[in-house]
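Working notes, beginning with the structure itself.
The values are calculated or read from the model by the stated rules, or taken from the named source; none is laboratory data. Source: prediction; values computed, not measured. Here the Cβ positions follow ideal geometry from the backbone for every residue, glycine too, while neighbour counts run over all protein chains shown.
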2 protein chains.
Amino acid sequence: MAKKISTDPYKGVRDFYPEDQFLQRFLFETMSRVCESFGYEEYSASLLEPSELYRGKSSEEIVNEQTYTFTDRGDREVTLRPEMTPTVARMIAARERTIAFPARWYSIPNIFRYERPQRGRLREHWQLNADIFGVPGIEADTEIIALAHRLMIEFGAKENDFEIRVNDRNILEALYGEVKLPASMRQQVTRVLDKRAKLSERAFASELAAASGDVSFSKAIIEGLSRIASNSQIEELFSHLKTYGVGNAVVDTSITRGFDYYTGIVFEVFDTSTENARSLFGGGRYDNLLQNFGGDSVAAVGFGMGDVTMRDFLDTHDLTPAYAPATELMLCPLSPEFFKRTIELAQALRSSDVTVAINYSLRRAGEQIAQADKMKIPFVICIGEKESESGKYTIKHLESGSETTLSAERIADHMFSSAG
Amino acid sequence: MAKKISTDPYKGVRDFYPEDQFLQRFLFETMSRVCESFGYEEYSASLLEPSELYRGKSSEEIVNEQTYTFTDRGDREVTLRPEMTPTVARMIAARERTIAFPARWYSIPNIFRYERPQRGRLREHWQLNADIFGVPGIEADTEIIALAHRLMIEFGAKENDFEIRVNDRNILEALYGEVKLPASMRQQVTRVLDKRAKLSERAFASELAAASGDVSFSKAIIEGLSRIASNSQIEELFSHLKTYGVGNAVVDTSITRGFDYYTGIVFEVFDTSTENARSLFGGGRYDNLLQNFGGDSVAAVGFGMGDVTMRDFLDTHDLTPAYAPATELMLCPLSPEFFKRTIELAQALRSSDVTVAINYSLRRAGEQIAQADKMKIPFVICIGEKESESGKYTIKHLESGSETTLSAERIADHMFSSAG
């Protein structure tokens, strides 16, 4: 006898039973619908990528310690993608000469990080990526932020449930120049600034002093960020956002985003609830990333929105939809002699776009109906002697308990009108 | 300057540009729609699985040489799933006590095989898996075959474009008993039988003799398979298939399916075209697989249908749909002063369920229209001085060249009626 195999999934990843997958589909279908309403087309790619794709812009350390990276038998280094932006940059770069710009693309890939699983930080999660390529002007940044805003609204959020915090990386770059911070320290200082909301004031001051090498830089930077309220780019952006009806965007010069590739406007969407106050997702402009592939630079703005944080947001704000199966009707034959009639009825209803499951358990009528109810299937029809002889079927709506007796050809219409 | 990064994807996997993803979506949406019409609910899981899931039923050799398997930093052996059946068996086994049977589940996972890329055999492909659990009777086998048939029809195939070849593993087992083939040789003999269609008659006879250890077994098996035409299970199956309107199923005692876990009816769907004659996909009954997890056995029947072979089938039979983008309308502002008006119009149309892209290139009207045409977007509206002042817009249908001038609130209705 073989050893018993565990039924657990691999550590830090999820199984999606039909009730879980229902929610994933709600997320993905809402994301697709809203992106497509803004003219974004779906693309996709394999999660297996050559590791060199990430070495270009990240440190060796990140590739080796925070990603799934292994060597295949052809001696190629392969990484399970930790984010989608390098992939979409690679794909756009490969066809830079033939793609019609502006190009609007979206995808909902799964991405992988090798880290200790904790709330909201699994080893695998899904992330909507929406990007616009080939528009250097602020109209692209505005559109991306308006799209992020529209997604939140379509998920059922009200404007006071979230806040969009906007900054321009150029403000930071200008400040670094003004205080004469050495170029070699800027990347590390930017990363510390990105963590500001998560640190105590004291820890922040001390990390910033360590990163900038001198407490005087650190003071000048903090002073500068509190002094500079905005710039002309941001003002133009906010005037466009008004046209889109976005009423909950604010300037926040402490927003920097972790990645090094951002070159202009950056933004983060925050949950404003007291029990879940935190950054939900964000994005920004990255005009130089495509140069890594040897082509011209292509203007690019985009963002990523993760499924795990969005599920938490929906739960926090009571916006998670109740499970409903794809199946609308269960047919319950009461004996094998009625299988033929049941299959004929099922096939006729399928032609009328009704989703139909047949219960082959041969349990008593009451038990079969209870089973449909447990599966949350809204309608049920039992098929026995009487139905088979008369050609009339009693369809029961389980939630209301109402019953109607109809001929086969009237069942589909009855269901559609009951579903309202 | 950093080294230039290649724009190629990893070896043996595909990039899906919007035109490619359109076809994937056509495949996936057709699969979902047909499965749901039969009462199947979608589930999903991570592609990362503990390697032990595959060692239970496959040889060490297959796990080591034909899968992507690596050791993570927690010293766990992880495999990128090479098929979905062990995963769904694991998930059902984990909730065997609470799931309502019959359970009908489907998923369209990507699966991985580490082999030399060749036509129809990539390292990553997607595969519809549809399974019914908890029905020991032939009505489940019938439904699964009827579902496979319906999928082919919904993809546009005619009954003479494909053929469903059915067998019962019990016929083979009975024959092995009859000719007294030692139990230790049966697995290998079954695998040789599975390859029969791909081998010359001579190579087949010689491989079979080698696997069965004696040319007399080999002769008795070939003779038996040509003599036995059917059994009572198969006859009941065919009578049910008639009720479903399936007219292109035949008995073929040479069908065995490669996997060892099948226990009853097995089937394969073949392309009947002369230029692409081959097995497209198949499945069967596997009643004992769930016992590997230490629970009760659960009756199970299912099949897998791959995207790569289905794409080839559609191409061969001229059934591949032409690309159409999700975007229905491109708005072309002729100068930045019209951006505000353009955004307002776009937002109003999005509220009426029109998918709208804004062309921010600021090229001449003719060039912007040519760009919409290149992207295959069906409708275009240019916005300049006249439109901005009059509030009337000329919408052009690019395929017919017809133009209509309308106020904003009439555009959506015009588009829906034109799309017919």
Of (1) closer than 30 Å to A:Pro336 by Cβ; (2) of a type in the set (S, T, N, Q); (3) surrounded by 18 or more Cβ atoms within 10 Å (Cβ to Cβ), B:Gln127 satisfies every one except (1)
Condition check for B:Ile153: within 20 Å of B:Tyr244 (Cα to Cα) and surrounded by fewer than 20 Cβ atoms within 10 Å (Cβ to Cβ)
yes
Test: A:Val266 is part of a strand (DSSP E or B), out of contact with any Phe, Trp or Tyr (no Cβ under 8 Å at 6 or more places or on another chain) and surrounded by fewer than 20 Cβ atoms within 10 Å (Cβ to Cβ)
no
Go through segment A:311-341 residue by residue and tally those that are of a type outside the set (Val, Ile, Thr) and in contact with a strand residue (DSSP E or B) (Cβ under 7 Å, 6 or more places away or on another chain).
13
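To keep it simple, each residue is scored yes or no on (1) hydroxyl-bearing (Ser, Thr, Tyr); (2) touching a helix residue (DSSP H, G or I) at 6+ places or on another chain (Cβ under 6 Å).
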position	(1), (2)
B:Phe313	no, no
B:Thr320	yes, yes
B:Arg363	no, no
B:Ile377	no, no
B:Cys382	no, yes
B:Lys396	no, no
B:Ser400	yes, no
B:Glu403	no, no
Residue satisfying condition, being under 27 Å from A:Leu237 (Cβ atoms) and in a strand (DSSP E or B), within set A:Asn160, A:Asn167
A:Asn167
Got a number for residues in segment B:12-35 being small (Gly, Ala, Ser) and under 13 Å from the mean Cα position of the chain (by Cα)?
1
Mind listing just one residue for me: the one in segment A:83-107 that is charged (D, E, K, R) and facing chain B (nearest Cβ under 8 Å) and, of those, surrounded by the most Cβ atoms within 10 Å (Cβ to Cβ)?
A:Arg104
Checking the conditions here, which among B:Arg104, B:Arg191 is in contact (Cβ under 8 Å) with a residue 60 or more places away in the chain and either in contact with an Asp or Glu (Cβ under 8 Å, 6 or more places away or on another chain) or at positive phi (or both)?
B:Arg104
Residues in segment A:224-260 that are surrounded by 18 or more Cβ atoms within 10 Å (Cβ to Cβ), within 14 Å of another protein chain (Cβ to nearest Cβ) and under 28 Å from A:Asn292 (Cβ atoms): how many?
1
Residue check for B:Arg169: in contact (Cβ under 8 Å) with a residue 24 or more places away in the chain, within 14 Å of another protein chain (Cβ to nearest Cβ) and either of a type in the set (Ser, Thr, Tyr) or in contact with a Lys or Arg (Cβ under 9 Å, 6 or more places away or on another chain) (or both)
no
Out of (1) over 38 Å from the mean Cα position of the chain (by Cα); (2) surrounded by 15 or more Cβ atoms within 10 Å (Cβ to Cβ); (3) more than 19 Å from B:Pro325 (Cα to Cα), the one B:Ile381 does not meet is (3)
Matching residues in segment B:338-381 - criterion: being of a type in the set (A, V, I, L, M, F, W, C) and not in a helix (DSSP H, G or I)
B:Val354, B:Val356, B:Ala357, B:Ile358, B:Leu362, B:Met375, B:Ile377, B:Phe379, B:Val380, B:Ile381
Scan segment B:353-381 for residues that are in contact (Cβ under 8 Å) with a residue 40 or more places away in the chain and either touching a Phe, Trp or Tyr at 6+ places or on another chain (Cβ under 9 Å) or at the interface with another protein chain (Cβ under 9 Å from one of its Cβ atoms) (or both) and jot them down.
B:Asp353, B:Val354, B:Gln371, B:Ala372, B:Met375, B:Lys376, B:Ile377, B:Ile381
Quick one: in segment B:278-329, of everything that is among the aromatic types (Phe, Trp, Tyr) and within 11 Å of another protein chain (Cβ to nearest Cβ), which residue is farthest from B:Val356 (Cα to Cα)?
B:Phe293
Hey, could you check segment A:1-56 for residues that are among the β-branched types (Val, Ile, Thr) and in contact with a Lys or Arg (Cβ under 9 Å, 6 or more places away or on another chain) and say which is farthest from the other protein chains (Cβ to nearest Cβ)?
A:Val34
Please work out if B:Val135 is within 30 Å of B:Ala100 (Cα to Cα), in contact with a strand residue (DSSP E or B) (Cβ under 7 Å, 6 or more places away or on another chain) and not in a helix (DSSP H, G or I).
no
Which condition breaks for A:Glu403 when tested against (1) touching a residue at least 12 places away in the same chain (Cβ under 8 Å); (2) more than 38 Å from the chain's Cα centre (by Cα); (3) farther than 23 Å from A:Lys340 by Cα?
(1)
Those residues of segment A:208-245 which are small (Gly, Ala, Ser), within 25 Å of B:Leu345 (Cβ to Cβ) and assigned to a helix (DSSP H, G or I) amount to A:Ser239
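Rundown of residues vs (1) in a loop (DSSP other than H, G, I, E, B); (2) at pLDDT below 90; (3) not assigned by TED's automatic domain parsing to the domain that holds A:Glu96, yes/no style:
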{"site": "A:Gly247", "(1), (2), (3)": "yes, no, no"}
{"site": "A:Ile255", "(1), (2), (3)": "yes, yes, no"}
{"site": "A:Tyr261", "(1), (2), (3)": "yes, yes, no"}
{"site": "A:Gly283", "(1), (2), (3)": "no, no, no"}
{"site": "A:Gln291", "(1), (2), (3)": "no, yes, no"}
{"site": "A:Phe303", "(1), (2), (3)": "no, no, no"}
{"site": "A:Thr309", "(1), (2), (3)": "no, no, no"}
{"site": "A:Tyr323", "(1), (2), (3)": "yes, no, yes"}
Among the residues listed as B:Glu409, B:Glu387, the single one being away from chain A (no Cβ under 14 Å), over 23 Å from A:Ala103 (Cβ atoms), of a type in the set (D, E, K, R) and surrounded by 14 or more Cβ atoms within 10 Å (Cβ to Cβ)
B:Glu387
If a residue has to be part of a helix (DSSP H, G or I) and within 29 Å of the chain's Cα centre (by Cα) to count, how many in segment B:190-207 make the cut?
8
